[in-house]
Every structure is written in structure tokens, then in C-alpha cells.
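J.: Here it is, the structure, as C-alpha cells.
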Amino acid sequence: MSHSTRPLETETAPPSRARGLYPVTPDLADTGLLLAKVAQVLPHATWLQYRNKAADPRLRRVQIEALLPACRMHGVPLIVNDDWRLALDCGADGAHLGEDDGDVREARTALGAAAIIGASCYDSLERARRATAAGASYVAFGAFFPTTTKLTTRRAGVALLRDSAGLGVPRVAIGGITPDNASSLVEAGADLLAVVGGVFDAPDSAAAARAYLACFPHPNPPPQAGEGASRFSA
Ligand SMILES: Cc1ncc(COP(=O)(O)OP(=O)(O)O)c(N)n1
Ligand SMILES: Cc1ncsc1CCOP(=O)(O)O
Ligand SMILES: [Mg+2]
């Protein structure tokens, strides 16, 4: 049986203190396969984003409804990409909104204070300030590295992570993140790593998820002899 390796402080922490791995689902039409892949990473995920750019609205709803019980079982909030109304209809935990996906303030009003609402801020600190003021629970910057998952020319640099430390909400990094390049982002201040391909294209998604978590500094003093291993360790 797999055990959670999530950072201890995220297990009961409010969104404002969340950190760790934020897997984002790939475009899969096969809901059974999607569930099987997600099941491997949930023990290591802080949040999960449902993103399927190829699905029609009916399949999106089916897939969200299939993912929700698995997420609940692992205590992992499910965040729906693009469509806060669908998130609300399905009883998901939040929504992720890009520049074409509607208004953060309107989503906050509709979804309520407890919802996790994320905003894409690309390479813009100003956009992040506005999103935070409008009620975003977290801001996302990227792409940090080349990616084949999304056609995008928007590129962020690590300086943005350093410069955005005072926003008061978690900062998510996205775009071409691998276990080999993730440490530079975490060291610069990324609280969560949002990843599609590096997790879901890996031959062993659970092992890949643990490799990302190993890039986070240890949140607690290392255990003394006889105290048992930390759940943070891979
Ligand atoms: C965590 C996270 N960050 C950024 C995005 C990208 O959102 P958006 O710019 O709206 O692009 P699409 O995902 O809709 O293609 C994201 N989904 N998640
Ligand atoms: C949705 C999104 N937004 C910016 S890059 C990206 C794709 C991230 O996917 P990957 O982790 O496979 O590079
Ligand atoms: Mg979008």
C-alpha cells in the first residue's frame, strides 16, 4: 500500500500555506485510464488539477465526477481548469482561471470563501498583484521551461519567484518542470510545482511524484534514531 509523502504541513494547512506537488491531468479520453494514473500520484499530491483541453463538456463532467471520490479519499482538493461554473456544478474544490477564463472576483463570489481559486499570471507580477487583490488563493507563473504540453510562448524566469515573495498567497510554478530543474524553482520561492508530462508521462508516476517532492527542503527537523522516517522522504 502506498503512503503519503506530502509535506506534513500541507495535510491540514489552509491553501495559504500549501506547498508540494500539484499534478495537472493530461488530455485523456479514457476515464478508467485517467483514474488509474491519478491514483498513483494522489498519495503524493497537495492539490490535483483536472485539465482536459480535448474533452467536450459532457466528458469533462464525467471525468470530474469520477475523480472526486478518489481525491476525497486522499484528502486532495480537486481544482477544475478553465471553468468555475463546472467546478461549482460538480462540487469540486476550486477552479484555475487563465486570462481567457473569466473573472477571479466573480468566481470567488460564486464559489465562496473556502474555494481554491488559482490565477495564471504568466510572467507578470502586476497580474499576480491584481489576482491576489481580487481574491485568488494562489497565483501561477510560467512556463519556466520549454514544454510540449501547451503551445505557449509565455516564459517566466526565476527572478519573478523571488520578486513575488510578498504576495501572501502560494506561488505555483508551471511549464516543463522536471525533477532535475525543479530545485531551482523551489529555491527561488515556488511553493507548488504544477506538472503534467513529468508526472503522467513517466513510466512510474508515483516514483516521479516522489522525485519532485525530494526537491523541497525538509519541513521538519530530521527524525532522531527510533522516531521513524519522515513522510516527506522519497
Ligand atoms: C497551475 C496552472 N498554471 C497555469 C495554467 C495555464 O492556464 P491557462 O493560461 O488558462 O492555459 P490552459 O491551461 O487553459 O491551457 C494552468 N492550467 N494551471
Ligand atoms: C498548462 C500550462 N501552462 C503553462 S505551461 C503548461 C503545460 C505544463 O505541462 P508540462 O508540465 O507537461 O510542461
Ligand atoms: Mg485556461
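J.: Scan the stretch 165-222 residue by residue and report those that are charged (D, E, K, R) and touching a Pro at 6+ places or on another chain (Cβ under 6 Å). Explain how you work it out, then say what you get.
T.: Initial filter on the stretch 165-222 (charged (D, E, K, R)): 171, 180, 187, 191, 201, 204, 210.
Residue satisfying the conditions is Asp191 alone.
J.: Would you pick out the residues in the stretch 185-201 that are closer than 18 Å to Asp30 by Cβ and buried (at least 19 other Cβ atoms within 10 Å of the Cβ)? Spell out the reasoning first.
T.: Filtering the stretch 185-201 for residues closer than 18 Å to Asp30 by Cβ gives 196-197, 199-201.
Answer for the stretch 185-201, where residues must be closer than 18 Å to Asp30 by Cβ and buried (at least 19 other Cβ atoms within 10 Å of the Cβ): Val196, Val199, Phe200.
J.: Something else now. What single numbered condition from (1) of a type in the set (A, V, I, L, M, F, W, C); (2) under 16 Å from the mean Cα position of the chain (by Cα); (3) over 23 Å from Ala119 (Cβ atoms); (4) away from ligand 2 (no atom under 16 Å from the Cβ) fails to hold for Ile64?
T.: Checking Ile64 against (1) of a type in the set (A, V, I, L, M, F, W, C); (2) under 16 Å from the mean Cα position of the chain (by Cα); (3) over 23 Å from Ala119 (Cβ atoms); (4) away from ligand 2 (no atom under 16 Å from the Cβ), the one that fails is (3).
J.: Taking only pairs six or more apart or across chains, which ones have beta-carbon atoms under 7 Å, a first residue in the stretch 144-162 that is among the charged types (D, E, K, R), and a second residue that is within 15 Å of ligand 3 (Cβ to nearest atom)?
T.: Arg154/Tyr122; Arg154/Ala143; Arg155/Ala143
J.: Tally the residues that are away from ligand 2 (no atom under 16 Å from the Cβ), touching a residue at least 24 places away in the same chain (Cβ under 8 Å) and either of a type in the set (D, E, K, R) or within 21 Å of Thr46 (Cα to Cα) (or both), restricting the search to the stretch 95-113.
T.: Summing the residues that are away from ligand 2 (no atom under 16 Å from the Cβ), touching a residue at least 24 places away in the same chain (Cβ under 8 Å) and either of a type in the set (D, E, K, R) or within 21 Å of Thr46 (Cα to Cα) (or both) in the stretch 95-113 gives 4.
J.: Tally time: how many residues in the stretch 152-173 are loosely packed, with under 15 Cβ neighbours inside 10 Å, within 16 Å of ligand 3 (Cβ to nearest atom) and modelled with pLDDT of 95 or more?
T.: Of the residues in the stretch 152-173, 0 are loosely packed, with under 15 Cβ neighbours inside 10 Å, within 16 Å of ligand 3 (Cβ to nearest atom) and modelled with pLDDT of 95 or more.
J.: Could you list, ordered by first residue, the pairs with Cβ atoms under 7 Å in which the first is in the stretch 115-135 and charged (D, E, K, R) and the second is within 14 Å of ligand 3 (Cβ to nearest atom), at least 6 apart or interchain?
T.: Asp123/Arg154; Arg127/Cys121
The values are calculated or read from the model by the stated rules, or taken from the named source; none is laboratory data. A quick note: this is a predicted structure, and the numbers were derived from the prediction, not measured. FYI the Cβ positions are ideal-geometry reconstructions off the backbone, even for glycines, and counts take in every protein chain you see.
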